[in-house]
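Read the structure below first, then the notes.
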Amino acid sequence: MAWFILKRMHSYTKKTNSSVSLKGRLKISIILITLPLFLLAGIGLFFFQKSTNAFNVAIEGIVKDAVPVTELKDKIQQTVVPFNHFINRYQLDDKTKFLQLSSDIKKTLANSIKFEQKNHSLTNDIYRSAYLKWRNAERIAHKIFDEVDRKKTYISYYLLQDFYQYVIETTLALDKLHLAMQDRVNIRFQKAKELRINTLILSSFIFLLIYIITIISTLVLHRSIIKPITILELWANNFSRSKNYQRLDLKSYKEFEFIASTYNKLCQMLSDDQAVLEQINQKDELTQLNNRHAFWESLKTEHIRHQCYNRPYTIMLINIDHISSINENYSRHIGDLSLIQISKILEESIHNTDILSRYDGDSFVIILPEIDKHEANITAEQILVSISEHVFKINEFKFGITVSIGLSFVQGTQSLHKNLECVDFSLQQAKLSGRNQIHFYTLEQVQVHTHNFKLKYFKESDLKLLD
């Protein structure tokens, strides 16, 4: 039904060549949501009625089990008639009829008894008692028949009395059984009736709950979708009046026409700022680490935190030894792949709070917040050993790489420029001392070694970004 309605709406849209309101479709969708819920409730009520009817039929089947007891009582009463006739008229047919009825009664009672040792139910005990009493009645009847066959003129009064007594006791036992079964059936009927009432109450409660939830869902859907769309439509309409741009027509929803028009204007504005967006890109294309621009931003932030809260930090500058020989011997592509592996080793060697960036083609820089020079030296040694012991297997080539590391511990009132000079000088000394080493120099040590120190790894143009 929902598909048919939506298809008719789509056909109408094509014929009229106009866009359909999204709010209109959402309102129809709300109606289509509520209809299945009511249908589901009706189906549930139908199956509930069907299940209760099936349960009632099962209970009625139990009631029918009591019918054979009544029939058995009637058959016992019927046996007395041919017995009395035979006593009075001595007709063989009466005797035969009695014996046949008596045999059927005894067989029926015997078949109703369950002979399991652990079965001591009331029904089983009553059937057993009735069976024994009727067997005694039949035994006495045979004695009476023998006296009649011997043509005695006098039949024992005591035998007749015992026969009728056992017949009465058998009937009373069956009456007791019938009452017991009737009580059990009445109890089950009462439980079935209570169950049906409780189920009806529960179904009514569920139906009412579904109805309330449907109403709440409809109100929430209206408030969370239709109302915001209306607000968005008004915003787009007002925003479009600020500049005169060509409008993009979308043959879908009316609201989306305004959104598309506004989107085009935003795209025009964003295209003018594309150059700025490219400059502030924070990721290195090859290694997916922070790039040089992101490093300078992070360094300025960390140094400001250091100045405000007197929090120390360490700058670690890492340079790959002889990266040019790898490019020459194996190709620049192999060199790029080796840079990617080195970047992953560096990521695994630092903490989550440390800031790793690729500064240049063969240089990486790490900012270690809240780290003194001793802890920074431990991290540097771990990086140095991890890279030097790593076997780089790229395609069919296998080779090793080492790095040189310079450290600068930032504390006190020392300027950031001076700290960068320290870490740059430390890396230069690690290179000059034979590479695959870690060097750490303070500002005083740098000034002692040379008065005409020039930066080699950090560029003067980048240092201007700190101002």
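Comparison of Asn281, Asn377, Asn352 shows that the only residue that is more than 46 Å from the chain's Cα centre (by Cα) and either outside any loop (DSSP other than H, G, I, E, B) or at pLDDT below 95 (or both) is Asn377. Give the stretch 348-359 a look and list any residue that's out of contact with any helix residue (DSSP H, G or I) (no Cβ under 6 Å at 6 or more places or on another chain), surrounded by 14 or more Cβ atoms within 10 Å (Cβ to Cβ) and not aliphatic (A, V, I, L, M), or say none. Result: Asp354, Arg358. Condition (residue is over 30 Å from Leu432 (Cβ atoms) and at pLDDT 70 or above) applied to the stretch 338-349: is it met by at least one residue? No, the conditions are met nowhere in the stretch 338-349.
From the list Thr79, Thr70, Thr96, which one is modelled with pLDDT of 80 or more, surrounded by fewer than 15 Cβ atoms within 10 Å (Cβ to Cβ), closer than 24 Å to Ile168 by Cα and not aromatic (Phe, Trp, Tyr)? From the options Thr79, Thr70, Thr96, the qualifying one is Thr96. Suppose we filter the stretch 409-452 for residues that are in contact (Cβ under 8 Å) with a residue 60 or more places away in the chain and among the basic types (Lys, Arg); how many remain? The qualifying residues number 2. When you look at Thr353, is it in the same structural domain as Val403 (by TED's automatic domain parsing), over 18 Å from Phe440 (Cβ atoms) and among the hydroxyl-bearing types (Ser, Thr, Tyr), yes or no? Taking the combined requirement at face value, the residue satisfies it. Inspection of the stretch 425-442 finds no residue satisfying the criterion of being in a strand (DSSP E or B) and within 18 Å of Ser324 (Cα to Cα). Taking the options Ile371, Ile318, Ile334, Ile342, name whichever one is part of a loop (DSSP other than H, G, I, E, B) and of a type in the set (A, V, I, L, M). So the residue among Ile371, Ile318, Ile334, Ile342 that is part of a loop (DSSP other than H, G, I, E, B) and of a type in the set (A, V, I, L, M) is Ile371. Residue-level check: of (1) outside any strand (DSSP E or B); (2) farther than 20 Å from Ser324 by Cβ; (3) among the β-branched types (Val, Ile, Thr), Ile401 misses just (2).
Being closer than 28 Å to Gln190 by Cα, at pLDDT 80 or above and part of a helix (DSSP H, G or I) narrows it down to one of Leu172, Leu159, so name that one.
Going through Leu172, Leu159 in turn, just one is closer than 28 Å to Gln190 by Cα, at pLDDT 80 or above and part of a helix (DSSP H, G or I): Leu172.
Screening the stretch 292-336 for residues that are closer than 22 Å to Asn377 by Cβ and aliphatic (A, V, I, L, M) and picking the one that is surrounded by the most Cβ atoms within 10 Å (Cβ to Cβ) gives Met316.
The values are calculated or read from the model by the stated rules, or taken from the named source; none is laboratory data. Predicted, not measured: the structure shown is a model, and the values here were computed from it. Every residue, glycine as well, gets a Cβ built from its backbone with ideal geometry; the counts of neighbours run over all protein chains shown.
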